Each structure stands twice: as structure tokens, then as C-alpha cells.
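The values are calculated or read from the model by the stated rules, or taken from the named source; none is laboratory data. Just so it is clear, the structure is predicted and the values come from calculations on it, not from any experiment. Backbone-built Cβ (ideal geometry, glycine too); neighbour counts: all protein chains shown. Accessible surface is based on the protein model in full, side chains and every heavy atom, while ligands, DNA and RNA are left aside. Shrake-Rupley method; radii C 1.70, N 1.55, O 1.52, S 1.80 Å.
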Amino acid sequence: MGERSATTRERIVKAAVKLFHAEGIRAVSVDAIADKAGVTKRTLYYHFRSKDDLIAAYLETRDQPNLVVFRQWFDEAPGDVADKVAAIFQHLARSARHPKWKGCGFLRTSVELVNMPGHPAMVAGRAHKKRVEGWLGDMFVAAGIAEADARQLARQVILLIDGAFSVVLLHRDPSYMETAGEAAATLVRARLTAAAKAHEAAAAR
């Protein structure tokens, strides 16, 4: 793919990202995306076989940036791993206080495609959520929590994150995100305490 072709593709994706985020995927037409990108509909279909592929590309552009931000919030937060997890929720709460905040694009898209589990965007969304869950599990293992417990804990924290996204979007009250963060920190700290006791018991044998 030449430089000009890549630039055109990026322009199309950028236009789709803005429109899908603002209006939802079903409300936005291919014509509207082409118009915003400044290309013909034929050119758009040269780069993307269908609107479905464009929707998937929209979510894929958020995958790594989201992970990078989560890692940054985690790494920069003071305290133990429980405090660092709580910090992620605190940052999300701050984001939710912005007037243009619209929640999690992955979850919003999944609601619109609920009857299409095989849709490319649903595949992209599941992959992203699993990557976040996997990264959390790795952080918990690194903190000394046993592998099985760490993976289960990661699932619990993901449920709190995504549940909070939904409730905050419904009530428009970001404090629910902070409450979810407190719950997550409590769960993590309990696992850390149990892991520490298990290590002490093993060392005493």
C-alpha cells in the first residue's frame, strides 16, 4: 500500500471514528463517512469491503491506545496494586465528567450489534476486553497472587469496570465509577492479604 493510499485509508478511519463515536454506528451512513473524509464512496469501498469492516477498524483504532492509557494510569499511581487499580477507576470517573463523554465505544457498539455475535466489530471488542483482562491478570501475578486467583480477580475487576461504564452512562453520575473502584480495591487487597498469608504459611513449614 503506497503512502497516498495509506493516508486516504487513515482519513476514512478518522472520519468514521468521529462520526461513530458521536452518533452511533447504525445512525451513520457510508455516504456520511465518505463525505467527512473527503473521498468518493467508490474510494471508501476500495479500502473497506463493507461498513462492517469499517466499524471493526473503528474499534481496532481504540485497542492499543486504551491499553496504553490503562497501563500509564496504573504505573503512575502510588501505593500497592490495590491502590493502582483504584486509580484506573478514578481516572475513568474524571473522564466521565467531561460533557462530551459517551462511555465505552466497545460496549456501545456491542449493544447495537447484540444480535450479531459474529460481526467483525464484536470480534474486535471481545479481543480488546480480553487483552485488558489478561494485562490485569499479569499485574496481579506480578504482585504475588497465585495464577488461578489472579485470573479470577482480573475477571471480577473487568466486571466492575464495564458494569460501572453502563451505570454511569445510565445515571450520568461518575461517582458510581469511584464506588466501583473502591469495590475493586477491596477485592484486590483481600487477594493480596490471602497471598501473603499463604506465603508465610509455606515459609513456616
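For a distance above 19 Å, tell me the whole-number percent of Cα pairs in segment 8-60 that qualify.
9 percent
Just to be sure I understand: with springs between alpha-carbon atoms less than 10 Å apart, which residue in Pro99, Pro78, Pro174 has the highest mean-square fluctuation in the Gaussian network model of the chain?
Pro99
Quick check for you: with a 1.4 Å probe and neighbouring chains kept, what is the accessible area per residue of segment 77-205, in Å²?
Result: 53 Å² of accessible area for each residue.
When 1/r is averaged over all different Cα pairs and the result inverted, which Kirkwood radius in Å belongs to segment 32-125?
Evaluated on segment 32-125, it is 15.7 Å.
I'd like the carbon and sulfur percentage of the solvent accessible area for segment 64-204, probe radius 1.4 Å, heavy atoms only, ligands and nucleic acids excluded.
Looking at segment 64-204 in its full context, I get 60 percent from C and S.
Please list, by residue number, every one of the trypsin sites (Lys or Arg not before Pro) in segment 43-118 that is coil in DSSP and has at most 10 other beta-carbon atoms within 10 Å.
Sparse-neighbourhood loop trypsin sites (Lys or Arg not before Pro): Arg49, Lys100.
What does the charge count near Ala124 come to, summing +1 for each Lys or Arg and -1 for each Asp or Glu among other residues with Cβ under 12 Å from its Cβ?
Counting the neighbours of Ala124, the net charge comes to +1.
To the nearest Å, what is the center-to-center distance of segment 29-44 and segment 161-202, using C-alpha atoms only?
Each part reduced to its Cα centre gives a spacing of 43 Å.
Just add up the charged neighbours of Lys51: K/R +1, D/E -1, any other residue whose Cβ is under 13 Å from the Cβ of Lys51.
-1
Can you tell me the accessible area per residue over segment 8-60, all protein chains present, probe 1.4 angstrom, in square angstrom?
55 Å²
Once phi is turned into ³J(HN,Hα) by the Karplus curve 6.51 cos²θ - 1.76 cosθ + 1.60 with θ = phi - 60°, what whole-Hz value does each residue of segment 68-78 show in order, with x for glycine and proline?
In residue order, the calculated couplings are 4, 5, 4, 4, 5, 4, 5, 5, 7, 6, x Hz.
Specify the residue with the greatest mean-square fluctuation among Asp80, Asp63, Asp162, computed from a Gaussian network of the chain linking alpha-carbon atoms under 10 Å apart.
Top of the fluctuation ranking is Asp80.
Quick one: how many lysine pairs does the chain have with C-alpha atoms less than 21 Å apart and a gap of 8 or more or different chains? Give me the count, please.
Lysine pair count for the chain: 17.
Rounded, prolate or oblate: which one fits segment 158-205, using the alpha carbon gyration tensor with axes a ≥ b ≥ c (rounded when a/c is under 1.5, else prolate when a/b beats b/c, else oblate)?
It is prolate, given that a/c is not under 1.5 and a/b is the larger ratio.
For the chain, give the magnitude of the charge dipole about the Cα centre (Cβ charges: +1 Lys/Arg, -1 Asp/Glu; no others), in debye to the nearest 20.
600 debye
Report, to two decimal places, the Cα Rg of the chain normalised by 2.2 N^0.38 Å (N = number of residues).
The chain yields a ratio of 1.21.
If you line up the long axis of helix 81-96 against the longest principal axis of the chain, both from Cα atoms, how many degrees apart are they, to the nearest 10?
30 degrees
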